[in-house]
Amino acid sequence: MDRYHPLKTNATGSPVLLVDTHAHSSELLDNALLRIRTGVGLLELLVSTPLQCTSEMQTFQLILSAYLPLQDGLDMLEQLQPHS
């Protein structure tokens, strides 16, 4: 396994955001949880806020703002799974 695993949320074909697969599992877990909590917190806020006045672009930005930390957190959690 390569030491650095690219996150799926890289904006270009050349990854610049990477997970250190040799990082201690507690560090991966802490960083994953931070990102997941951030994404969930944004989704909870969106659920409690009326969105009638948002444009299509604003809606996309809100969805992307929740998606990015959730996907990054998932990528980090996947590094904690045993690989066969």
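Read-outs: derived from the displayed coordinates by stated rules, not from any lab. The structure displayed is predicted, hence computed values, not measured ones. Cβ: placed from backbone, ideal geometry, glycine included. Neighbour counts: every protein chain shown.
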Item to check | Neighbour net charge for residue 21 - beta-carbon separation under 14 angstrom, K R +1, D E -1 | outcome: -4
Checklist entry - What is the dipole size for the range 29-84, taken about its Cα centre, with +1 at each Lys and Arg Cβ and -1 at each Asp and Glu Cβ, in debye to the nearest 20? => result 100
Checklist entry - Where Lys and Arg each count +1 and Asp and Glu each count -1, what net charge lies around residue 9 among other residues with Cβ under 11 Å from its Cβ? => result 0
Item to check | Two-decimal log10 I(q)/I(0) for the chain, as the Debye equation yields it once each C-alpha is a single scatterer, q = 0.11, 0.23 Å⁻¹ | outcome: -0.37, -1.08
Checklist outcome for this item: Charge tally for neighbours of residue 72 with beta carbon under 10 Å away, counting Lys, Arg as +1 and Asp, Glu as -1, is +1
Item to check | Candidates 48, 26, 65, ranked by Gaussian network fluctuation over the chain, Cα under 10 Å, top entry | outcome: 48
Checklist entry - With contacts defined as alpha carbon pairs under 8 Å and 6 or more residues apart, what's the relative contact order of the chain in percent? => result 39
